[in-house]
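Below is one structure, written out as structure tokens; comments come after it.
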Amino acid sequence: MNYKQLLALFKETHLELQQRAARSVDTSLVIRNWLFGWYIVEFEQGGAERTELYGKRLIDKLSRELKTLGLKGISSTSLRQCRTFYLAYKKIGPAVPAQSSNARIALPEIQQALPVISFDAIAIAPKMLQELSAKLAGYFSLGWTHYVALLTITNADERRFYEIEASENSWGARELERQISASLYERLALSRDKEGIRQLSEKGLIIEKPADVIKSPFVLEFLDLEEKNAYSEHALETAIIDHLEHFLLELGKGFLFEARQKRFTFDNDHFYVDLVFYNRLLRCYVLIDLKRDKLTHQDLGQMQMYVNYFDRYVKTEDELPTIGILLCHRKHDALVELTLPKDSNIFASKYQLYLPSKEELKKQLEEAAGIGHCENPEQEGPDDVR
């Protein structure tokens with residue numbers, strides 16, 4: 001080891017342990033807030049005497065007196081948030097299902113409850129608090145800011161989906177908020193049946209087949225392009241390349257960028273694929289063609305030719321068939337269905353340059369026969385058990 005390597009080792013060790021310490025502090029804050037919520041709920045339910053004495057004034061009284069004890073981050077708003085957090089997560093299982101050989105193993109009980117510990121017993125025996133805190137550390141994999149964002153979601157299944165995805169993909173709180181605002185759950189649910197939607201809430205997004213990477217629509221609001229006809233397909237492509245990191249996040253898990261305007265020659269003619277990606281989970285090429293306006297059957301035929309070429313001349317024997325995705329501003333589903341074979345690996349999906357309306361997407365889910373949580377008119381709120 002030379003001196004430069006020694007310096008690098010010191011730096012890497014410092015950063016790793018610094019990050020670990022920060023994660024530890026954030027996990028402790030999550031546990032603390034869950035316990036605070038538990039204390040409040042248990043005290044509120046402790047009998048008529050407590051209810052009559054404190055009523056709705058309990059949280060305000062707690063906040064004032066805890067501040068005099070020097071505790072920070074315990075405003076009335078924060079304590080109410082802790083209460084909501086506990087009610088949403090009072091029955092919990094490990095945040096991320098166990099995995100083996102890249103395949104998920106479903107939990108025996110997704111809503112597995114923590115061992116019952118008496119609220120009064122903890123007040124008498126503080127050692128039990130240490131045991132409970134240690135147990136809780138294995139259940140929360142995100143930071144408090146993440147859970148604050150998750151608590152804005154009233155549907156428990158949807159909230160669970162975002163929790164799993166944020167943990168597995170190491171989303172920061174800002175990226176989690178962006179995915180919630182972009183209605184990722186609803187967009188994925190639109191292309192799935194009832195069983196597929198249930199799996200989203202229990203296991204997150206699993207990439208096993210080409211259809212799993214398709215969203216309806218793809219949301220490209222991060223390109224900062226106005227919703228107008230003035231820009232060209234080239235401008236759209238350039239904007240995507242300029243925001244490639246965001247576009248990869250929008251595409252989803254396992255995507256690697258290979259080329260822009262990938263040229264191949266056939267019978268002395270040159271052809272250009274707008275964007276070429278590779279998905280390491282599906283082990284196949286993914287070709288993306290951008291269409292500024294309405295999708296035509298000629299566009300579908302062209303993509304079929306691109307896919308055929310890659311399958312016959314580019315992919316290796318151990319790789320799976322190539323996927324083609326046409327991103328268009330408008331499409332006619334009947335035209336796509338009529339043009340493409342039923343077993344085709346080609347998909348047409350709309351893109352939009354603004355965040356979608358959750359109400360609009362939920363209405364589409366309601367209109368799709370037999371699809372989704374919207375079949376039940378009673379929405380689960382934060383007070384419901386997970």
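The values are calculated or read from the model by the stated rules, or taken from the named source; none is laboratory data. Since the model is a prediction, treat every value here as computed from it, not as a measurement. Cβ: placed from backbone, ideal geometry, glycine included. Neighbour counts: every protein chain shown.
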Among the residues that make up segment 96-105, is at least one of them at pLDDT below 90, outside any loop (DSSP other than H, G, I, E, B) and aliphatic (A, V, I, L, M)? yes
Exactly one of GLU202, GLU227 is more than 24 Å from GLU158 (Cα to Cα) and among the charged types (D, E, K, R), and that one is GLU227
Considering residues that are assigned to a loop (DSSP other than H, G, I, E, B) and hydrophobic (A, V, I, L, M, F, W, C), the number found within segment 203-226 is 6
Sole miss for LEU236 among (1) of a type outside the set (Ser, Thr, Tyr); (2) in contact (Cβ under 8 Å) with a residue 24 or more places away in the chain; (3) not assigned by TED's automatic domain parsing to the domain that holds LYS294 is condition (3)
Can you confirm whether segment 152-167 contains a residue that is closer than 30 Å to ASN345 by Cα, free of Cβ contacts under 8 Å to residues at least 40 places away in the same chain, buried (at least 17 other Cβ atoms within 10 Å of the Cβ) and not aromatic (Phe, Trp, Tyr)? yes
The number of residues in segment 53-72 that are modelled with pLDDT under 75 and either under 17 Å from LEU29 (Cβ atoms) or surrounded by fewer than 15 Cβ atoms within 10 Å (Cβ to Cβ) (or both) is 3
Residue set ASP318, ASP333, ASP343; condition closer than 22 Å to LEU220 by Cα and surrounded by fewer than 16 Cβ atoms within 10 Å (Cβ to Cβ); output residue ASP333
Scanning segment 252-308 for residues that are of a type in the set (Lys, Arg) and within 28 Å of HIS332 (Cα to Cα), the one surrounded by the fewest Cβ atoms within 10 Å (Cβ to Cβ) turns out to be LYS294
Only one of (1) closer than 24 Å to SER183 by Cα; (2) of a type in the set (A, V, I, L, M, F, W, C); (3) not in a strand (DSSP E or B) does not apply to LEU290, and that is (3)
